[in-house]
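Notes follow the structure.
The values are calculated or read from the model by the stated rules, or taken from the named source; none is laboratory data. In this text, all values refer to a predicted model and were calculated from it rather than measured experimentally. Using ideal geometry, Cβ is built from the backbone for each residue, glycine included, and neighbour counts are taken over all protein chains shown. Remember, those area values only see protein heavy atoms, side chains included, never the ligands or the DNA or RNA. Shrake-Rupley method; radii C 1.70, N 1.55, O 1.52, S 1.80 Å.
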Amino acid sequence: QVQVVESGGGLVQPGGSLRLSCAASGSIFSIYAMGWYRQAPGKQRELVAADISGGRRNYADSVKGRFTISRDNAKNTVYLQMNSLKPEDTAVYYCYADLALGVGLVPQDYWGQGTQVTVSS
């Protein structure tokens, strides 16, 4: 069984910073990617940032230059440093881990429960 647990959300003023963390635990053989999506009220879930094994990182255009994703492979943990936050960044942020449970098994996505980020004065 795999668990994906996020932490670090909260309320911050415009221009402020937050750091989200997400740890995957359980019977994990290999993690191929970890990242973050977000969903604002009335909107579809969108990719924010992804860290893909091999060194590739993808970002939504709306967060480039403000958000930085990083991963600690030893801890199966991914971080999202969010700077210069804007009210439009307000959303529930969901972490995912694309991982395999054993040799030869097809990787699957596992999701956290989400953490609320609110940017408001």
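Regarding Gln81, is this residue part of a strand (DSSP E or B), open to solvent by 80 Å² or more (accessible area, probe 1.4 Å), touching a strand residue (DSSP E or B) at 6+ places or on another chain (Cβ under 6 Å) and on the phi < 0 side of the Ramachandran plot? Answer is no for this residue.
Of everything listed in (1) in contact (Cβ under 8 Å) with a residue 24 or more places away in the chain; (2) open to solvent by 40 Å² or more (accessible area, probe 1.4 Å); (3) part of a loop (DSSP other than H, G, I, E, B); (4) on the phi < 0 side of the Ramachandran plot, the single unmet condition for Ser25 is (3). Of all residues assigned to segment 93-110, at least one qualifies as being charged (D, E, K, R) and assigned to a strand (DSSP E or B). Screening Gly55 on (1) out of contact with any strand residue (DSSP E or B) (no Cβ under 7 Å at 6 or more places or on another chain); (2) open to solvent by 70 Å² or more (accessible area, probe 1.4 Å) shows it passes everything except condition (2).
Residues in segment 58-78 that are assigned to a loop (DSSP other than H, G, I, E, B), more than 20 Å from Gln3 (Cα to Cα) and open to solvent by less than 90 Å² (accessible area, probe 1.4 Å): Ala60, Ser62, Val63, Gly65, Arg66.
In the set (1) within 16 Å of Leu20 (Cα to Cα); (2) buried (at least 20 other Cβ atoms within 10 Å of the Cβ), the condition left unmet by Tyr110 is number (1).
Test Val12 against the stated conditions and say whether it is among the β-branched types (Val, Ile, Thr) and within 15 Å of Thr118 (Cα to Cα). When the stated conditions are applied, Val12 passes them. For the condition surrounded by fewer than 18 Cβ atoms within 10 Å (Cβ to Cβ), free of Cβ contacts under 8 Å to residues at least 40 places away in the same chain and not β-branched (Val, Ile, Thr), Ala49 does not qualify. Pairing each residue of segment 62-76 that is on the phi < 0 side of the Ramachandran plot with any residue that is in a helix (DSSP H, G or I), provided the two are 6+ apart or on different chains, yields C-beta distances under 9 Å for Ser62/Glu88; Ser62/Asp89; Val63/Asp89; Arg66/Asp89; Phe67/Asp89.
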